[in-house]
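What follows is a single structure, and I will ask about it in a moment.
The values are calculated or read from the model by the stated rules, or taken from the named source; none is laboratory data. No experiment lies behind these values; they were computed from the predicted model shown. All Cβ positions, glycine included, derive from the backbone under ideal geometry; neighbour counts span all protein chains shown.
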Amino acid sequence: MRRPIAWIRFMFERTLLRGLQYRLMLAVAVVATVAVGGGALVVLFDPSISQWDEGVWWAFLRLTDPGYLGDDEGLVRRFVSTVVTVLGYLLFLGLFIAILTQWLEYTISKVESGATPVVLSNHVIVLGWTHRTPTIVSELLRTGPRAQRFLERHGARTLRVVVLAEHVDGELIRELRERLGDVWNDRQVLLRSGNPLRVEDLERVAFRDAAVLILPGAGFAVRNPEYVDAETVKTLMSVSKAARGSGTKPPLAVVELYDGRRAAVARRVYGGDCEIVVADEIVSRIIAQSVRNHGLCGVFTELFTLNHGNAVYLQPLDGAAGTKFGDLRGRYAKAILLGTVRPDERRPTLSPDPETVLAADDLLVFIARSSKDCAHHAASRPAALTPIEPPTRAESGRRRVLILGWSRRVPALLWELERHGRDLFEVDIVSSTPIEEREEMLSRYGREVSNDRVRQVQAGYTLPGVLNRLEPQSYDNIVLLASERLREEEQADAITVFTYQLLQGLLPEKGPRPALFVELLAEENQALLEQEQDDLIVSPSLVSYLLSQVSLRRELATIFAELSRPRGAQVLLESAQDYLAMDKPQRFEDVERAAAARGEIALGVQHAEGAGGKLALNPDRTAQWTPAAGDQVVVLVSAARGDSEN
């Protein structure tokens with residue numbers, strides 16, 4: 001007896017699991033059975049109803065509509081009608097509503113999971129979800145005029161961004177909506193689930209018709225960046241193979257790698273155009289240059305972020321072919337001309353010789369507050385000065401650098417410091433990360449870093465006593481890195497902010513003190529660090545900006561790399577007294593003339609205490625200020641001088 005019952009249960013289970021149509025068929029069968037049974041009872045025991053079809057119809061009406069219950073007379077009819085009506089509440093309403101509700105929830109869940117393919121063209125695809133993905137999407141949507149020109153080049157009307165994540169659900173969508181805030185638009189931002197290594201998942205985001213693919217690296221505290229780079233290259237191969245199989249060329253790929261030496265492999269395996277952003281390398285370069293020239297971090301942060309002050313723009317020559325670079329510089333009243341870049345070259349020419357003749361396909365590189373400021377304004381040119389040989393920039397002897405914290409960027413940072421000068425820096429690294437683990441990471445980095453200038457210390461620097469024993473005031477520079485010992489960004493920033501406050505209590509308020517550099521992971525924590533004289537970088541936001549803006553204007557990749565690299569054209573902070581007469585009203589155009597005489601391009605002024613200690617890039621050329629002690633001039637020097645000083 002048990003076997004037939006078990007078989008019935010098994011078949012019932014299989015029917016329920018086969019889908020909506022089978023569940024509805026089961027519900028219809030149950031309703032029909034109740035209607036037939038109720039009709040049979042009333043036919044058998046109520047002489048007023050003699051036909052079977054009439055009895056079944058009578059029962060079905062009471063099963064579906066309780067209003068018929070009051071029309072029945074007689075004990076038998078009222079009893080059967082009551083039973084059928086109660087079963088109607090349970091079966092007809094409850095069963096069908098439960099089935100349809102479950103189906104609707106399943107359908108909504110399936111839609112939220114991003115399983116349906118998109119029908120788009122000339123859109124931007126972000127392959128993979130990391131903690132930086134919302135920032136990348138936000139930067140794309142906030143770009144404005146640059147995005148508009150991107151759309152014009154591709155013949156599109158609206159910028160649409162599709163994110164391909166491993167798992168998409170309502171919670172992930174809500175997180176993205178909250179992170180984007182006022183720029184969220186469900187018509188512009190779509191999420192789809194899938195793995196970029198599977199062709200069917202790539203088809204889901206219409207990759208062949210996309211304008212750009214963005215491949216961000218892994219999230220914070222990744223323990224094996226080599227594996228992440230390998231996965232990125234593997235994804236490029238998958239996209240390229242899928243496109244080649246259909247006879248199409250894959251779209252431009254903007255790729256984040258941790259090690260720039262893998263860039264050649266990435267470009268070789270990809271069948272389309274490819275721009276590489278070496279995130280750790282660029283951030284490490286900015287840190288190294290800020291250690292060498294305190295205050296440069298603010299310059300790079302402003303230049304590398306679009307919606308905060310000045311940014312880097314590119315414009316075509318517009319009929320100025322054959323013009324000398326020096327003659328063209330004076331035509332822009334609200335922008336500063338930095339140099340040129342040719343679309344087919346991997347490296348721009350920044351701060352070129354003024355006698356350089358521009359070619360028709362050259363793109364002009366500016367810093368400005370908007371693209372409109374890069375138009376010709378026929379400004380009066382600075383008076384020509386007799387060129388002078390700039391003095392050799394003397395280094396101030398060996399510097400002691402204290403690095404608090406350990407992350408995968410430390411090997412790249414040590415390498416960049418060595419490239420600036422092997423004998424210039426004496427580095428102490430303090431972290432609770434075991435020294436053996438650090439040495440292993442240094443050896444895996446693959447570039448020779450001299451250990452004779454690096455001292456490893458294992459200690460918990462968040463303890464006031466430990467930090468005090470390190471004598472931080474004896475160092476020239478202190479670099480406070482986001483430690484990867486804590487896997488969450490907020491926890492890492494909490495330790496960074498706490499250590500920063502400890503340092504403020506240990507360092508002297510007046511007089512000489514070490515130059516501080518602080519790395520944060522979340523923009524909202526910047527307000528907790530109020531010392532304007534200290535350098536501060538939010539590294540995930542910076543990398544997200546680079547990826548988003550290079551995807552809209554690919555030539556920016558070479559410009560960002562050139563500005564940050566230790567050799568070649570360099571951004572420097574020089575003493576204002578080398579350019580201007582002190583304690584006398586001056587204008588920025590006076591700075592431009594003095595810098596031009598030295599073969600440099602003036603970018604702005606770093607004011608000292610008298611002007612609030614603020615950086616002013618591309619200031620009003622005619623506004624007057626009186627230089628004070630400590631004021632500095634921001635200049636761009638040529639590649640020849642940059643190489644000679646390194």
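One residue is enough: does the range 212-219 have a residue meeting the conditions surrounded by fewer than 20 Cβ atoms within 10 Å (Cβ to Cβ) and modelled with pLDDT under 90? Break it down into steps so the answer makes sense when it comes.
Quick first cut of the range 212-219, residues surrounded by fewer than 20 Cβ atoms within 10 Å (Cβ to Cβ) only: 219.
If we keep only those that are modelled with pLDDT under 90 too, we end up with 219.
The answer is yes, given that some residue of the range 212-219 is surrounded by fewer than 20 Cβ atoms within 10 Å (Cβ to Cβ) and modelled with pLDDT under 90.
Okay, next question. Out of the range 265-287, which residues are assigned to a helix (DSSP H, G or I) and touching a strand residue (DSSP E or B) at 6+ places or on another chain (Cβ under 9 Å)?
Residues satisfying the conditions are Ala266, Arg267, Ala279, Asp280, Glu281, Val283, Ile286, Ile287.
While we're looking at this one, here's another question. Mind checking whether some residue in the range 450-460 is surrounded by 14 or more Cβ atoms within 10 Å (Cβ to Cβ), at pLDDT below 70 and in contact with a Leu (Cβ under 8 Å, 6 or more places away or on another chain)? Lay out the reasoning, then the answer.
Step one: filter the range 450-460 for residues surrounded by 14 or more Cβ atoms within 10 Å (Cβ to Cβ), giving 453-454, 456-459.
Next, only the ones that are at pLDDT below 70 stay: none.
No, the conditions are met nowhere in the range 450-460.
For the range 236-258, state whether one or more residues are surrounded by 24 or more Cβ atoms within 10 Å (Cβ to Cβ) and part of a helix (DSSP H, G or I).
The answer is yes; a qualifying residue exists.
Could you look through the range 623-646, keep only residues that are part of a loop (DSSP other than H, G, I, E, B), polar (S, T, N, Q) and modelled with pLDDT under 85, and pick out the one that is surrounded by the fewest Cβ atoms within 10 Å (Cβ to Cβ)?
Let us first name the residues in the range 623-646 that are part of a loop (DSSP other than H, G, I, E, B), namely 623, 626-631, 638, 645-646.
Keeping just the survivors that are polar (S, T, N, Q) gives 626, 638, 646.
From what's left, modelled with pLDDT under 85: 638, 646.
Numbers: Ser638: 21, Asn646: 14.
This residue is Asn646.
Arg77 versus (1) at pLDDT 80 or above; (2) over 58 Å from the mean Cα position of the chain (by Cα); (3) not β-branched (Val, Ile, Thr): which is the lone unmet condition?
Answer for Arg77: the failing condition is (1).
Of the numbered conditions (1) at pLDDT below 75; (2) touching a helix residue (DSSP H, G or I) at 6+ places or on another chain (Cβ under 6 Å), Asn122 satisfies every one except a single condition; which is it?
Result: Asn122 fails condition (1) only.
In the range 84-119, which residue that is at pLDDT 70 or above, touching a Lys or Arg at 6+ places or on another chain (Cβ under 9 Å) and closer than 22 Å to Val163 by Cβ is surrounded by the most Cβ atoms within 10 Å (Cβ to Cβ)?
Going through the qualifying residues, I end up with Val118.
Here is a follow-up. Which residue pairs have Cβ atoms closer than 6 Å, lie 6 or more positions apart in sequence or on different chains, and pair a first residue in the range 143-162 that is under 16 Å from Ser548 (Cβ atoms) and in the same structural domain as Ala211 (by TED's automatic domain parsing) with a second residue that is of a type in the set (Ser, Thr, Tyr) and surrounded by 15 or more Cβ atoms within 10 Å (Cβ to Cβ)?
Taking only residues 6 or more apart or on different chains, the pairs are Pro145/Ser371.
Which residues, taken from the range 201-218, are out of contact with any Pro (no Cβ under 9 Å at 6 or more places or on another chain) and not hydrophobic (A, V, I, L, M, F, W, C)?
Asp201, Pro216
Against the condition of a type in the set (Gly, Ala, Ser) and assigned to a helix (DSSP H, G or I), how does Ser483 come out, does it pass?
For Ser483, the condition - of a type in the set (Gly, Ala, Ser) and assigned to a helix (DSSP H, G or I) - is not met.
Conditions (1) more than 19 Å from Val118 (Cα to Cα); (2) assigned to a loop (DSSP other than H, G, I, E, B), marked per residue:
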{"residue": "Ala147", "(1), (2)": "yes, no"}
{"residue": "Glu152", "(1), (2)": "yes, no"}
{"residue": "Arg157", "(1), (2)": "no, yes"}
{"residue": "Val162", "(1), (2)": "no, no"}
{"residue": "His167", "(1), (2)": "no, yes"}
{"residue": "Glu171", "(1), (2)": "yes, no"}
{"residue": "Glu175", "(1), (2)": "yes, no"}
{"residue": "Leu180", "(1), (2)": "yes, no"}
{"residue": "Asn185", "(1), (2)": "no, yes"}
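Can you find a residue in the range 230-237 that is basic (Lys, Arg), assigned by TED's automatic domain parsing to the domain that holds Arg160 and modelled with pLDDT under 90?
no
A further question follows. Given the residues Val497, Val518, Val479, which is the only one that is within 16 Å of Thr301 (Cα to Cα), at pLDDT 85 or above and in the same structural domain as Thr433 (by TED's automatic domain parsing)?
Val518
Filter the range 301-329 down to residues that are under 14 Å from Ala368 (Cα atoms) and among the aromatic types (Phe, Trp, Tyr) and give me whichever is modelled with the lowest pLDDT.
Top of the filtered list is Phe304.
May I ask you to list the residues in the range 544-556 that are surrounded by fewer than 23 Cβ atoms within 10 Å (Cβ to Cβ) and out of contact with any Phe, Trp or Tyr (no Cβ under 8 Å at 6 or more places or on another chain)?
Once the filter is applied, which keeps residues that are surrounded by fewer than 23 Cβ atoms within 10 Å (Cβ to Cβ) and out of contact with any Phe, Trp or Tyr (no Cβ under 8 Å at 6 or more places or on another chain), the range 544-556 yields Arg554, Glu555.
Restricting to the range 330-345, name every residue that is within 28 Å of the chain's Cα centre (by Cα) and modelled with pLDDT under 85.
Correct list: Arg342, Pro343, Asp344, Glu345.
Of everything in the range 187-207, what is in a helix (DSSP H, G or I) and either closer than 30 Å to Pro145 by Cβ or among the basic types (Lys, Arg) (or both)? Give them in sequence order. Walk me through how you get there before you give the answer.
Step one: of the range 187-207, the residues in a helix (DSSP H, G or I) are 199-204, 207.
Arg204, Phe207, listed by residue number.
State all residues of the range 340-369 that are surrounded by 14 or more Cβ atoms within 10 Å (Cβ to Cβ) and more than 19 Å from Gly319 (Cβ to Cβ); if no residue qualifies, say none.
Arg347, Pro348, Thr349, Leu350, Ser351, Pro352, Pro354, Ile367, Ala368, Arg369 - these are the residues of the range 340-369 that are surrounded by 14 or more Cβ atoms within 10 Å (Cβ to Cβ) and more than 19 Å from Gly319 (Cβ to Cβ).
Taking the range 539-574, which residues are part of a strand (DSSP E or B) and at pLDDT 90 or above?
Val571, Leu572, Leu573, Glu574
Exactly one condition in (1) more than 21 Å from Ile282 (Cα to Cα); (2) among the basic types (Lys, Arg); (3) at pLDDT below 85 is not met by Arg469; state its number.
So the condition that Arg469 fails would be (3).
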